[in-house]
Amino acid sequence: MASSATTSQPPRVCVTGGGGYVASWLVKLLLSRGYAVHATVRDPSGPKNAHLRRLEGAPERLLLFKADVLDRAALAAAVAGCQGVFHVASPVPADKVLDPESEVLAPAVKGTLSVLQACSANDVQKVVVVSSTAAVYFNPSWPQGRMKDESCWSDRNLCMKNEDWYSAAKTIAETTALEYREKNGLTVVTVCPCIVLGPLLQPVVNATSEFLIYIIKGGPSVMKNVPWNIVDVRDVADALLLVYEKVESSGRYICAPDWITTKGMVNLLKKAYPNYNYVNCDGTDYESAISRVTSEKLMNLGWRPRKMEETLLDSIEYYEKAGLVQDVEGSPCRLPHLFHFASEK
């Protein structure tokens, strides 16, 4: 008679946008914990996703699905047979947004709705949606001096008026997800990471890594000494799996353990890596909408993030190995448009 170990199936989950920065680390973590993973990608056989096939456990337990978040039928095929879904796919614009609806809002908001509808139709038990602290920060009516928590929401109209399409899209998409939960009885939990840094698994450099490379290499603009909330990509993956596995998790969770100014970051990095140019930073301390937020709710669930120094130093170590901090002729260092508010014009 076959032992129960050979007959029991591994738990099966789906990760949307599987080849992205956070999603790649999540897929790696899930495989290491014995899950079978369905990952949606634009091109399963493309070089951008080859790193997923090389992950430990991938040959046995990873299936890549060609699916766009706006393609309901493709999503249904990807989530079929899955107990849980992690909706990670969402556009992070590296350049100035010219057509907000098609570039950012539709993929974020309609994409989230498509995923949730596919989950409802396929008896998925729990969905974890990746939002952002961009859906928390921008609330002018929040009491001055009070630390922002999960009850604080960005004002979508203010974000749109400021042409901050990323924050608007994240706010509307997360609201949509939690409203869908109320109306349809699907178990939905949202996680709001801040600026995600740390080593990369994927070959394409993402916007937050470009931001740190700009600080290290010393791009042409002087940067304002604004404060930043920072989290390690590996800790975000841990947080997503934690809220998925904990039965008692509910609502939204801020995932932003550390807080540092641009100048503080430069000074910290200079101690370990003194030979880079580093960005010039003006001396003024700026009042910023990117204020302190608390991750206490997530910590109370058992989340234990690593120290910020480890994240920053591991990032540089990875960039050096990957050749990302060498000067390349004709390839200027650039600050992604998402962070343009932090540079002197």
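No value in this document is a laboratory result; all are computed from the given coordinates. From a predicted model like this one, the values you see are computed outputs, not experimental measurements. Cβ atoms come from the backbone with ideal geometry, glycine included; neighbour counts cover every protein chain shown.
If you take the beta carbon distance between Val205 and Glu310 as r and set R0 to 22 Å, what does 1/(1 + (r/R0)^6) give as a FRET efficiency, to the nearest 0.05?
The pair Val205/Glu310 has a calculated efficiency of 0.60.
Quick one: if the Förster radius is 41 Å, what FRET efficiency do Ser141 and Lys246 give, using the C-beta to C-beta distance and rounding to 0.05?
Working from the Cβ atoms, E equals 0.80.
Quick one: angle between helix 21-32 and the longest Cα principal axis of the chain, in degrees between 0 and 90, rounded to 10, please.
40
Where in region 272-287 is the amide nitrogen less than 19 Å from a point lying 7 Å along the Cα-to-Cβ axis of Lys321?
272-273
What angle do you read, to the nearest 10 degrees and between 0 and 90, between the alpha-carbon axis of helix 207-217 and the longest principal axis of the chain?
Rounded to the nearest ten degrees, it is 30.
Calculate, in nm to one decimal, what Ala121 and Leu301 gain on full extension: separation in residues at 0.36 nm each, minus their alpha carbon distance.
Additional length available on full extension: 61.8 nm.
For the pair Lys161 and Lys48, how long in nm is the line joining their label points, each one 7 Å along Cα→Cβ?
Placing both labels 7 Å along Cα→Cβ, they lie 3.6 nm apart.
With each run of n ≥ 4 DSSP H residues scored as -39500 (n - 2.57), what mean residue ellipticity at 222 nm is computed for the chain after dividing by its residue count and rounding to the nearest 500 deg cm²/dmol?
-10500 deg cm²/dmol
Provide the net charge surrounding Pro143, with neighbours chosen by a C-beta distance below 14 Å and charges set as Lys +1, Arg +1, Asp -1, Glu -1.
+2
To make sure I understand the rule: partners must be aspartates and glutamates, Cα under 17 Å from the Cα of Lys297, and not fewer than 8 residues away in the same chain. Which ones qualify?
Asp149, Glu150, Asp235, Asp238, Glu245, Glu248, Asp258
Please give me the summed charge of the neighbours of Ala106: other residues whose Cβ is under 13 Å from its Cβ, Lys and Arg +1, Asp and Glu -1.
Once positives and negatives cancel, what remains is -4.
Which lysines have a Cα lying under 19 Å from the Cα of Lys263, excluding residues fewer than 8 positions away in the same chain?
Lys217, Lys224, Lys271, Lys307, Lys345
For region 10-342, what relative contact order do you get, as a whole percent, if you take Cα pairs closer than 8 Å and at least 6 residues apart?
RCO, region 10-342: 18 percent.
Roughly speaking, what is the stretch gain from Leu98 to Asp149, that is 0.36 nm per residue apart minus the C-alpha to C-alpha distance, in nm to one decimal?
So the extension gain works out to 15.2 nm.
Starting from the eigenvalues of the Cα gyration tensor, five times each then square-rooted, give me the equivalent ellipsoid semi-axes of region 10-342, largest first, whole Å.
The equivalent ellipsoid of region 10-342 has semi-axes of 31, 24, 19 Å.
With point charges of +1 on the Cβ of Lys and Arg and -1 on the Cβ of Asp and Glu, referenced to the Cα centre of the chain, which listed residue (Val236, Met299, Gly84) lies farthest in the positive direction of the dipole?
Gly84
Using a cut-off of 23 Å between alpha-carbon atoms, which lysines can reach Lys110, once sequence neighbours fewer than 8 places away in the same chain are excluded?
Within the straight-line limit of under 23 Å, Lys110 reaches these lysines: Lys66, Lys96, Lys126, Lys161, Lys170, Lys183.
Once the other residues with Cβ under 12 Å from the Cβ of Val92 are scored (Lys, Arg +1; Asp, Glu -1), what is the net sum?
Result for the neighbourhood of Val92: -2.
Rule-of-thumb check for region 155-305: C-alpha Rg over 2.2 N^0.38 Å?
It is 1.19.
Between Leu63 and Asn267, 0.36 nm times their residue separation minus their Cα-Cα distance comes to what?
Here the segment from Leu63 to Asn267 would lengthen by 69.1 nm.
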